[in-house]
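A short write-up of the structure that comes next.
Laboratory data are not the source of any read-out in this text; all were calculated from the coordinates shown. Just so it is clear, the model here is predicted, and its values are computed rather than measured.
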Amino acid sequence: MWLALVFMTLAAGPSAPSSPADYIKVEVCGTLRAGMMAIGGETTGVVINARGVTWELDLAQVPGAASRAESLDGRRVVVKGTLEVKRGVERRERAIVTVRSLEPAPATTP
């Protein structure tokens, strides 16, 4: 138990707030789901799932991205953007990617 607590503390990193100049760029290839709902409305409504990890997508920065996400619902896509972790009410933390680009994933070869 003690070892797990130490590992979780180390993995969480420093507790000081990050600088506004800090950022995390991400590129995710996974399955897009649009029209999602959550208790208390605590969701962007669009998520991507890859390798068991699910991140919310904030599409506000890309014109037409909301309708494009609806048309790509259930399909594999590539999303590029920046990752933020925000505090939630019902969920303690929400991982949200502010999307800069949203494209269908390239076809894979057999």
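Residue by residue, segment 23-34 carries 3J(HN,Hα) couplings of 7, 10, 8, 9, 9, 10, 10, x, 8, 8, 10, 10 Hz when phi is fed to the Karplus relation 6.51 cos²θ - 1.76 cosθ + 1.60 (θ = phi - 60°); x denotes Gly or Pro. Amide H contacts for Gly88 (H built 1.01 Å from N in the peptide plane; partners 5 or more residues away or on another chain; cut-off under 5 Å): Glu93, Arg94. A cut-off of 5 Å between modelled amide H atoms, ignoring neighbours fewer than 5 places along the same chain, links Asp58 with Val97, Thr98, Val99.
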